[in-house]
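Structure, as structure tokens:
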Amino acid sequence: MTMAEAEDMLYMALTDKEPDEAAKIVLEYKFSDWLRAGQIDQMSHEMLEDCLPEEHADISLHYDLFAINELLNRAFKNKFPEAKATRIRFHLKVDGAPLKLPSKESLLKAFALCFTDGQIITRLYKEQLAGEVAFPEADSILWQIQSHGDQVYSILTSRYWLEREDFSTLSADGEIRLK
């Protein structure tokens, strides 16, 4: 069986159910060790009305919810609110030895040098970006980091957190403080 055939079979199995029932099956598969049955049931209904990959209170679930939302939207032809991702490719110059892969925290602190006033990350995580307190949320805000060599990287995140309009400039020099 090819990957395309397996994908078609998955979509057919999902669409044999109502959209909220299919969502519940996928959510149970992914989160049954993490969330209670009642939470999963509620989320399966909310997914039809709300963009959970952007609105769920636990941001550590956003990336998985994004993947689930994409799967369900493909199966059900956009019956779920569309979540959007942003991929940003950039050059990060550092003093000293080049980084193999910068931390998500250090990248957000570097990006903050270019953010517009009022950008959501700066509003919610001002102390973390300033290096005054730890920033574990960075791991949930930036979903993936990929190195392309020669200090060129790309990140994947939700458009909720970052998009082109969030940058007042595309280049900045500065120092960042890691805790």
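The values are calculated or read from the model by the stated rules, or taken from the named source; none is laboratory data. Remember, it's a predicted structure, so these values are computed and weren't measured experimentally. So basically every Cβ, Gly included, is an ideal-geometry build from the backbone, and we count neighbours across all protein chains shown.
Results, tabulated for the structure shown:
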quantity	calculated
Qualifying residue in the stretch 154-163 (condition: acidic (Asp, Glu), surrounded by fewer than 17 Cβ atoms within 10 Å (Cβ to Cβ) and in contact with a strand residue (DSSP E or B) (Cβ under 6 Å, 6 or more places away or on another chain))	yes
Those residues of the stretch 84-133 which are exposed (fewer than 13 other Cβ atoms within 10 Å of the Cβ) and either of a type in the set (A, V, I, L, M, F, W, C) or at positive phi (or both), in sequence order	94, 96, 97, 101, 118, 133
Helices (runs of 4 or more DSSP H) wholly inside the stretch 91-149 that include at least 1 residues being in contact (Cβ under 8 Å) with a residue 40 or more places away in the chain and hydroxyl-bearing (Ser, Thr, Tyr)	104-112, 138-141
Sole exception among (1) within 20 Å of residue 57 (Cα to Cα); (2) touching a Gly at 6+ places or on another chain (Cβ under 8 Å) for residue 157, by number	(2)
Test: residue in the stretch 46-64 that is part of a helix (DSSP H, G or I), among the small types (Gly, Ala, Ser) and free of Cβ contacts under 8 Å to residues at least 12 places away in the same chain	no
Unmet requirement for residue 12, which otherwise passes all of (1) under 14 Å from residue 73 (Cα atoms); (2) surrounded by 11 or more Cβ atoms within 10 Å (Cβ to Cβ)	(2)
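Here is a yes/no grid of residues against (1) in the same structural domain as residue 28 (by TED's automatic domain parsing); (2) small (Gly, Ala, Ser):
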{"position": "66", "(1), (2)": "yes, no"}
{"position": "69", "(1), (2)": "yes, no"}
{"position": "80", "(1), (2)": "no, no"}
{"position": "93", "(1), (2)": "no, no"}
{"position": "96", "(1), (2)": "no, yes"}
{"position": "102", "(1), (2)": "no, no"}
{"position": "107", "(1), (2)": "no, no"}
